[in-house]
Amino acid sequence: MVGVCHRFRTKARALFSAKLSPSCSSPLILPSVRRPTQTAHRLLSSGVHPGTRSAEIMSGKPIAKDIKSKVASEISRMKAAIGSVPGLAVVLAGNREDSQAFVNTKLKACNEVGIETSIVQLPQDCSQNRLIDVVSGFNKNPSVHGIIVQLPLPQHLDEERVINFVSPEKDVDGFHPLNMGNLALRGKEPLFIPCAPKACIELLLRYGVEIVGKNAVVIGRSKIAGLSTSLLLQSLTEAPCNCLYCPFIH
């Protein structure tokens, strides 16, 4: 849930950068893409304090609630200032129940914070060209500020090609090569970061876990979680932590 909220928070960046009307006395605060939220270093009352060794489950629910509250407030203020709200488009191809569940969660969270949504559901046997046409249409739609192509796609479709067609400025999943490349380079700023690693960092910092100089084991190397998590860990500190990849064991 934390990851879902982070994705929604960054979705509004295109609108946040718009010029405000002269009647708006205070500017909207741009949320950082790479950095966690401003309250990330505040320890939760049930969190693990620095120096302790006891293991504890890190719950994302109170953090998600806090982030969603701030997102809803920002969107309300944005609507009053410029008369617009962020718009999210979701493309779902196929009939996987888990993908449908993920999409429903995203749409529900959008509705709770005031983000407008639209969804196109394509059949399992949809063609590559049909899927790309839908993505291209959302790229050109000025009322759409973020696009999610729900993965995985049916096996006959080329995921990489589809992802490459998503505009980097609307690639809220952060999977476009431009965004992944900028995440890997120091001094570069991706427009969006995959939500899973950003949520991991948010949890660590909110629970007071020090990252600088640590050794980290990252399980898996997928761009959705493993690879992007290691890149984000190393980019957030001047003295980077050492990341060791560990493949999934079946």
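Laboratory data are not the source of any read-out in this text; all were calculated from the coordinates shown. Since we're looking at a predicted model, the values are computed, not measured. Please note: Cβ atoms are built from the backbone with ideal geometry, for glycine as well, and neighbour counts cover all protein chains shown.
Return yes when VAL212 is assigned to a strand (DSSP E or B) and either crowded, with 17+ Cβ neighbours inside 10 Å or in contact with a Ser or Thr (Cβ under 7 Å, 6 or more places away or on another chain) (or both) and no when it is not.
Details: assigned to a strand (DSSP E or B): no; either crowded, with 17+ Cβ neighbours inside 10 Å or in contact with a Ser or Thr (Cβ under 7 Å, 6 or more places away or on another chain) (or both): yes.
Spelling it out, it is not the case that VAL212 is assigned to a strand (DSSP E or B) and either crowded, with 17+ Cβ neighbours inside 10 Å or in contact with a Ser or Thr (Cβ under 7 Å, 6 or more places away or on another chain) (or both).
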Condition check for ALA81: of a type in the set (A, V, I, L, M), more than 28 Å from SER222 (Cα to Cα), part of a helix (DSSP H, G or I) and out of contact with any Phe, Trp or Tyr (no Cβ under 9 Å at 6 or more places or on another chain): yes
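Looking only at the stretch 156-182, filter to residues that are among the acidic types (Asp, Glu) and touching a residue at least 60 places away in the same chain (Cβ under 8 Å); which one of those is nearest to SER228 (Cα to Cα)?
Quick first cut of the stretch 156-182, residues among the acidic types (Asp, Glu) only: 158-160, 169, 171, 173.
Subset that is touching a residue at least 60 places away in the same chain (Cβ under 8 Å): 169, 173.
Details: GLU169: 18, ASP173: 11 Å.
Of everything passing the filter in the stretch 156-182, ASP173 is nearest to SER228 (Cα to Cα).
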Some residue of the stretch 216-229 being under 27 Å from PRO86 (Cβ atoms) and among the β-branched types (Val, Ile, Thr): yes
Subset tally (residues that are among the hydrophobic types (A, V, I, L, M, F, W, C) and closer than 13 Å to LEU153 by Cβ) for the stretch 111-137: 6
Scan of the stretch 85-119 for residues that are among the β-branched types (Val, Ile, Thr) and surrounded by fewer than 17 Cβ atoms within 10 Å (Cβ to Cβ), ordered by number: THR105, ILE119
